[in-house]
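Written below as structure tokens is the structure these notes are about.
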Amino acid sequence: MDLLFHEILGWLGYLQRGPVLAQLLLVVLPAMAVVLLRDRLPPQMPLQRWLRPAAVAIIALGSGLLAAAGLPWRFSLSLGVLYLGWQGLNLLHGLLNRRIEAKSLRQLESRLIRPAFLLLAALTVIRQLDSVQDLAIIPLGRWFGVPLSLGQLFQALVILYLVAIGSAAPAQGLAWLLQRALVLSDGSRRALALMLRYLTVAIGLIWVANHLGLNATAVLAIAGGLSVGLGFGIKEVFSNFISGLWLLLEGSVRPGEVLFIDGDPCEVRSLGLRAAVLWRDRDNAELVIPNQTFFTATTTTYTGSDRLRRSQILIGAAYRHDPTAVIGLLEATARAVQGVLSTPAPRGLVLSYGDSAIQYALRFWIANPMDNVSICSAVNAAVWQAFRQEGIEIPFPQRVQYTLPGPPDPVSPSSLIEPE
């Protein structure tokens, strides 16, 4: 570890040299100018599109002048090529945006494309300052009784990152093939993709342990440390992880399921290692709920066996209308509303005889539980129009106030005294 610190101090000393510092400023100053001007200039100005090409031209011209003067120039040229490549990622974004949806593209860029470019840029800069092969053999000490070098640690971290991030697409593809072969539901496909990804990460961890040369004793030592940690701080994390796996196997909380949380239907978007992410339709909010919550609290699901949901609206009609005619009108109106299923058929019911109206219920079925509010609103509006056309009155409680003469004014004692 001390040798690595000495190498880093050597890099800092090298960068402080006059010719090297001049090459560094030749690239850094135009890049900073682009960032500052881009934020201050209006987006519609034509100068905006020429900022990056101008910065690249300045870097190339400066490197050429240094080479013509016989001064060091290769470091500035390397940095300029990296800057040009970083700006080229914007062009790649425009090409991929036509084929990949925005959310998936953001994840691909932030988790894979840009980190890979930054890693390549770091290795390129290190090659200008030092030898990568010499850095790879720098010892970092003994971890769990196994000697570890910087190259081994770097390779293990890169493999783990690629396995954790890059396993999503292959896992989803394999789950899609299994869905076609085994005729699985969409929720089962998402759960299978997540379990395949967990399996891939577990295999990656085993490969890293084997690559580092960890023996059984070291693994037992790590397990012992984890068992102690579970008792002090990470018990909840471990419990949520096991709960997530159990929920996937059980199938009650899978991506795509609709649960009733705090009075609102919510769709399960993802089931992670620690928590489940649910989407609430009425305010476009995402709820992050720990996995073990579903084992300690009662949860209502609308997609346990199917996605059908029975909804109902309540309405009153005046006593002078025949209940049979009102029920027939309610059922016919519901069947004409888009989103209401014809099978099972809508059904009208007489609930009770109220003070001023007969209370009716109209029950109907919908295919998607998340559309309940909008379809109920459409049914209510259609019933209003149907009652208005047929002349059916929707009464409401009314109060009539009568003004009565009050009691006589009280007689005061002074009025009883006779005048002299």
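What follows is calculated from the coordinates using simple rules that are stated; it is not laboratory data. Remember, predicted model here, so these are calculated numbers, not experimental data. Backbone-built Cβ (ideal geometry, glycine too); neighbour counts: all protein chains shown.
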- Compute the distance in nm between two label points, each set 7 Å from the Cα along the Cα-to-Cβ direction, one at Asp322 and one at Glu236. 6.5 nm
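Which value, in debye to the nearest 20, describes the size of the charge dipole of the range 281-365 about its Cα centre when Lys and Arg Cβ atoms bear +1, Asp and Glu Cβ atoms bear -1, and nothing else is charged?
220 debye
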- Query: Using the Cα gyration tensor of the range 99-154, with a ≥ b ≥ c the square roots of its eigenvalues, what is the shape: rounded (a/c below 1.5), prolate (a/b larger than b/c) or oblate (neither)?
  - Reply: oblate
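Provide the gained length on full extension for the span Asp355 to Phe154, in nm with one decimal, where the gain is 0.36 nm per separating residue minus the Cα-Cα distance.
Numbers: separation 201, 0.36 × 201 = 72.36 nm, distance 7.89 nm.
Separation in residues times 0.36 nm, less the Cα-Cα distance, equals 64.5 nm.
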- Among 69-80, 172-183, 150-161, the order from most to least packed when residues are scored by Cβ within 10 Å on average: 69-80, 150-161, 172-183
- Query: Spin-label point model (7 Å from Cα, Cβ direction): what's the Asp186 to Ala336 distance in nm?
  - Reply: 3.1 nm
- Message: Cut-off is 10 Å between beta-carbons; in what order do Tyr302, Tyr353 appear when sorted fewest neighbours first?
- Response: Tyr353, Tyr302
- Query: Using the beta-carbon distance between Arg142 and Gln16 and R0 = 60 Å, what value does 1/(1 + (r/R0)^6) give for FRET efficiency, to the nearest 0.05?
  - Reply: 0.95
- What shape does the range 252-301 have by the C-alpha gyration tensor, where a ≥ b ≥ c are the square roots of the eigenvalues, rounded means a/c under 1.5, and otherwise prolate means a/b greater than b/c and oblate the rest? oblate
- Task: Rounded to the nearest 0.05, what FRET efficiency do Asn210 and Leu84 give with R0 = 60 Å and r taken as the Cβ-Cβ distance? Could you check?
- Result: 0.90
- Scattering profile of the range 48-117 from the Debye formula, Cα beads only, expressed as log10 I(q)/I(0) at q = 0.23, 0.24, 0.27, 0.28 Å⁻¹, is -0.97, -1.01, -1.12, -1.16
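Taking R0 as 25 Å, what FRET efficiency do you get between Arg114 and Leu273 from their Cβ-Cβ distance, rounded to the nearest 0.05?
Taking R0 as 25 Å, the efficiency between Arg114 and Leu273 is 0.55.
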- Inter-site label distance for Phe260 and Ala285 at 7 Å from Cα along Cβ, in nm: 1.9 nm
- Compute the Cα gyration tensor for the range 309-390, then decide on rounded, prolate or oblate, letting a ≥ b ≥ c be the square roots of its eigenvalues: rounded whenever a/c is under 1.5, prolate when a/b is larger than b/c in the other cases, and oblate in all that remain. prolate
